[in-house]
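Taking it in order: structure first as structure tokens, then the write-up.
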DNA sequence: TGGGGTACTAACAAAAGTGTAAGTAATGGG
DNA sequence: CCCATTACTTACACTTTTGTTAGTACCCCA
């Protein structure tokens, strides 16, 4: 969320790169946890705590950060219920659901080539 | 290259994550330059210097690093000709070529949703 | 002898990403 | 009043990624 420094090549490269639809798309799902989270949410709505249980070592901080980023990018919808203790549910947007078949193919690619290579 | 520290959760999370075929695949093409490089190479062999000209602000160091990583991962084949000045050519392997249709779809996703969202 | 061309490499520095540890708000139940 | 529960937030530290700058080897050609 912090303001971004405009220094040097780092930022201008970023601008150049984001012009590409392909890298734009990959950046949305980049990072350590996003695709895993999206995969879980493909099965339906989940609460924060449920998601947390799905990943043995993720910290609450990381989960929050990733979910916020996904929300910002329009991939996840967040619903807060005014209860105590709080209840928050996360679900995929249509935009994210459109990744489904692509993920499927990427996963197949991974499965096939991992064995050949490692 | 450098030895990896085995400390803490950072590494164990990495291990956990790489178990997933999907994240395995995405990691291969993650980072700032890899997909751009692969895209260029889809058109055919290129020399180091030619690739460099394709990207206005990439540094030689970065290009080298990315090409080395792609080579390590079996996505790019590197051919050195014993000439002076040196000549080195890079081309995609079959494994990388298999990304073609997936990249196409990701790119379409990017094109479509970028406009809707930003 | 000295420069030009190509594909690098090395040492360092900045930036982003990820993890650690502790704390917060709110309310119902004992 | 105190504690448990849930979904966070904050301040800090570590690790990886990306960029900066300068230099290398090699041989040909003038």
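Computed quantities for the displayed model
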item	result
Residue list for segment B:74-118, restricted to those being farther than 26 Å from residue A:19 by Cα and within 16 Å of DNA strand D (Cβ to nearest atom)	B:80, B:81, B:82, B:83, B:84, B:85, B:86, B:87, B:88
Spans of helices (runs of 4 or more DSSP H) in segment B:1-110 with at least 1 residues more than 13 Å from chain A (Cβ to nearest Cβ)	B:34-41, B:48-54, B:60-72
Breaking point among (1) closer than 30 Å to residue B:34 by Cα; (2) away from DNA strand D (no atom under 14 Å from the Cβ), for residue A:32	(2)
Unique match (being surrounded by fewer than 16 Cβ atoms within 10 Å (Cβ to Cβ) and more than 12 Å from DNA strand C (Cβ to nearest atom)) among B:56, B:85	B:56
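Throughout, read-outs are computed from the coordinates displayed, never taken from laboratory work. Since we're looking at a predicted model, the values are computed, not measured. As a convention, Cβ positions derive from the backbone with ideal geometry for all residues, glycine included, and neighbour counts pool all protein chains shown.
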